[in-house]
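Q: Got a structure for you, written out below as structure tokens; questions coming shortly.
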Amino acid sequence: MIKRVAGWKGKLLSSAGKLTLLKSCLSSIPIYLLSVIKFPKWAVESINSQMANFLWHDPDGKHKYHLSNWQSLSLKKEHGGWGIPDIGNMNLCLLASWINRYHLNDNVIWKKIVDHKYNNNPNIFCCPLIGAFPFWKGVLWTCKAAQLGVKWNIGDGKSIRFWEDC
């Protein structure tokens, strides 16, 4: 991302041009990696910092203060922000999409591998973190956030173990 930003001439762009370039190109560069691994906090802060520096770059090359914090800029336009995607929230949402894929598809090979590796447990919210791959640790990290809005349906009792599940 730093190499990509260095090639763009920020002093030749207006604020609206920088915003458009930031929202369309710069925020979409790490999309694939955001969807398969949980980014560490320092990486999220570094990427957000690079995007903020590109947005507030002074055309004369002088130091310029950021006029607003990144959290307020990354809000939706309806809520008073500029609609710039926040990398941390995007990472959470893209990894959470794997939870939906896990529950929608039954005959997919990757789901069978995950079920076999984690003791044939069909309940994704009760998988252990010990010995998990980095991808699956990221998915389980999003499960903690998703548990706030999940409703369990007992059904036939095969997917929920009454005495063992939380």
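The values are calculated or read from the model by the stated rules, or taken from the named source; none is laboratory data. Predicted, not measured: the structure shown is a model, and the values here were computed from it. Virtual Cβ from ideal backbone geometry, glycine too; neighbours counted across all protein chains shown.
Q: Assess whether Phe54 counts as being modelled with pLDDT of 80 or more and not assigned by TED's automatic domain parsing to the domain that holds Phe135.
A: Spelling it out, it is not the case that Phe54 is modelled with pLDDT of 80 or more and not assigned by TED's automatic domain parsing to the domain that holds Phe135.
Q: Let me ask something else. Do the conditions hold for Lys64, that is, is it out of contact with any strand residue (DSSP E or B) (no Cβ under 9 Å at 6 or more places or on another chain) and either modelled with pLDDT of 85 or more or in the same structural domain as Leu95 (by TED's automatic domain parsing) (or both)?
A: Working: out of contact with any strand residue (DSSP E or B) (no Cβ under 9 Å at 6 or more places or on another chain): yes; either modelled with pLDDT of 85 or more or in the same structural domain as Leu95 (by TED's automatic domain parsing) (or both): no.
Spelling it out, it is not the case that Lys64 is out of contact with any strand residue (DSSP E or B) (no Cβ under 9 Å at 6 or more places or on another chain) and either modelled with pLDDT of 85 or more or in the same structural domain as Leu95 (by TED's automatic domain parsing) (or both).
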